[in-house]
1. Can you work out which of the residues in segment 19-61 that are basic (Lys, Arg) and in contact (Cβ under 8 Å) with a residue 40 or more places away in the chain is most open to solvent (accessible area, probe 1.4 Å)?
2. Would you check if there is a residue in segment 222-235 being part of a helix (DSSP H, G or I) and open to solvent by less than 10 Å² (accessible area, probe 1.4 Å)?
3. Tell me the strands (runs of 3 or more DSSP E) entirely within segment 236-347 that contain at least 1 residues that are within 16 Å of the ligand (Cβ to nearest atom) and under 30 Å from Ser102 (Cα atoms).
4. Go through (1) open to solvent by 10 Å² or more (accessible area, probe 1.4 Å); (2) touching a residue at least 12 places away in the same chain (Cβ under 8 Å); (3) more than 23 Å from the chain's Cα centre (by Cα) for Asn98 and report which single condition fails.
5. Only residues that are at pLDDT 85 or above, within 11 Å of the ligand (Cβ to nearest atom) and in contact with a strand residue (DSSP E or B) (Cβ under 6 Å, 6 or more places away or on another chain): list them for segment 23-46, please.
6. Restricting to segment 78-97, count the residues that are in a loop (DSSP other than H, G, I, E, B) and modelled with pLDDT of 95 or more.
7. If I filter segment 378-395 for residues that are under 21 Å from Ile10 (Cβ atoms), away from the ligand (no atom under 16 Å from the Cβ) and open to solvent by less than 70 Å² (accessible area, probe 1.4 Å), do I get at least one hit?
8. Of a type in the set (S, T, N, Q), over 30 Å from Ile236 (Cα atoms) and within 28 Å of the chain's Cα centre (by Cα): is that true of Ser414 in this structure?
Amino acid sequence: MKKNCAIVGINWGDEGKGRMVDLLTGDYDVVVRYQGGGNAGHTVINEYGKFALHLLPSGVFRQGVTNVLGNGVALDPENLWKEIQEVTAKGVAITPENLKISDRASLLLPWHRALDGLEEARLADKKYGSTKQGIAPFYSDKYQKKTVMAGELFYPEHLKAHLKDLMEWKNLTLTKVYGAEAVTMEDLDQWLETYCEKIKPFICDTGAFLRQAEQAGKKILFEAQLGALRDLDYGIYPYTTSSNTLASFAPVGSGLPGAKIDQVVGVVKAYSTCVGEGPFVCELFGEEAQRLRDAGGEYGAKTGRPRRVGPIDLVATRYGVQMQAATNIALTKLDVLSDLDKIPLCVRYRVAGKETDDFPFPTLLDDCQPVTEYMEGWKQDISGVRRWEDLPQAAKDYVLRIEEAIGCHIGYVSVGPERDSIILR
Ligand code: GDP
């Protein structure tokens, strides 16, 4: 067993990472979230029920696993506290022993969510498809050094003065740019009391914890949110998220900047989905799209929005595998394709009259057309299959075709949402 492992998305997000982390946490001692916030949802189904986790690491369901929210996440005290309560209500204990929040994680402040909504309203039909969780305003403010770190909650006098300065600065934008209402110190006091005080017991120096864990030979799993094509630097900018979703950011965002990641498990769905605006070359429309969407239950875990769907995109997936430097692939939701007579694959892009295997510069994506090929379907239920040799030949051929095109071994094939619906290869 390799020591450190990152589980990351290869595409646009929603690849089924939560399900893979839930499966693999059994082999790890620590699970760390290192970027992003509550703007996406990992769906996990296990003995406690069905959960849509937004910020909590997916290791919270495993006894003996310590979960860490690293310094790179957008720490929203309100949403985190609500999520902790939801999970606790279903019988999962969340304690300072199994959840540790980095004192260096910056806090998503009450105005960040409001600003997302105000900016999307201003953009009107030019909007980017924000989930309105305040993530973009949060990260812009973090890089402007205009938010507070979780550890500041332990220094109340300093905190109040810091928050007051930030509030006065932010109220200029709220009132003068957007014509919205100003935030008051009373609002902030209430927010501190209702949410921040509740999460305070979980805040500590998680860097020190992780260093000790590493020295003690503990195995660490790094859990990403969204996928390579949403990475701020390497994705389909500006239709990206505001953080780095790549495995190479895991050491920085987790609190172990010197960590070596031994294994990167890239999660790829057997077909494509994309939430929100932006170029999506392989997109299907109409009845064909609706069938796939319903078969796969492709509605956003956080927003309930119908996801855009398409066949697997080998061009984008190969690029995602390269950006993530994936060492192993988990192919999920293969069972969803079981009804199709013929399975479409987007094998290349056509742009400016030429065909290409390479993922183009984002500006060119709008002018790309998919080149589609078809493979035979297997037309039988595969959700009960647990061994590679028991898969129908057509299903094996499909997996092998993807493996060859993306240049990375597919070590896991998922055929259902439950923890054990998996084929190891
Ligand atoms: P994540 O954010 O990457 O974890 O992905 P989501 O949670 O948005 O999407 C994964 C969805 O697919 C969840 O509803 C899972 O329970 C479900 N799922 C994951 N793997 C499989 C699979 O192999 N087959 C089926 N039918 N559903 C799956």
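The values are calculated or read from the model by the stated rules, or taken from the named source; none is laboratory data. Since the structure is predicted, the reported quantities are computational estimates derived from the model, not experimental observations. Positions of Cβ are generated from backbone atoms using ideal geometry, with glycine treated the same way; all protein chains shown enter the neighbour counts. These accessible areas exclude ligands, DNA and RNA; they are computed on the full protein's heavy atoms, side chains included. Shrake-Rupley method; radii C 1.70, N 1.55, O 1.52, S 1.80 Å.
1. Here is the first cut: in segment 19-61, the ones basic (Lys, Arg) are 19, 33, 50.
Imposing the further condition that a residue be in contact (Cβ under 8 Å) with a residue 40 or more places away in the chain reduces the set to 19, 33.
On the way: Arg19: 21, Arg33: 3 Å².
The extreme case among them is Arg19.
2. Within segment 222-235, the first condition is being part of a helix (DSSP H, G or I), and the residues that meet it are 228-230.
The next check asks that each one be open to solvent by less than 10 Å² (accessible area, probe 1.4 Å); those that pass are 228-229.
Yes: one or more hits.
3. Values: elements: 263-269, 272-274, 308-310, 328-332.
In segment 236-347, 263-269, 328-332 are the strands (runs of 3 or more DSSP E) which contain 1 or more residues that are within 16 Å of the ligand (Cβ to nearest atom) and under 30 Å from Ser102 (Cα atoms).
4. (3)
5. Narrowing segment 23-46 to residues at pLDDT 85 or above: 23-37.
Still in the list and also within 11 Å of the ligand (Cβ to nearest atom): 23, 36.
The one that is at pLDDT 85 or above, within 11 Å of the ligand (Cβ to nearest atom) and in contact with a strand residue (DSSP E or B) (Cβ under 6 Å, 6 or more places away or on another chain): Gly36.
6. Looking only at segment 78-97, we keep the residues that are in a loop (DSSP other than H, G, I, E, B), and these are 90-97.
From what is left, the residues that are modelled with pLDDT of 95 or more are 94-97.
Total satisfying the criteria: 4.
7. Looking for residues that are under 21 Å from Ile10 (Cβ atoms), away from the ligand (no atom under 16 Å from the Cβ) and open to solvent by less than 70 Å² (accessible area, probe 1.4 Å), one finds none in segment 378-395, hence no.
8. Values: of a type in the set (S, T, N, Q): yes; over 30 Å from Ile236 (Cα atoms): no; within 28 Å of the chain's Cα centre (by Cα): yes.
The answer is no for Ser414.
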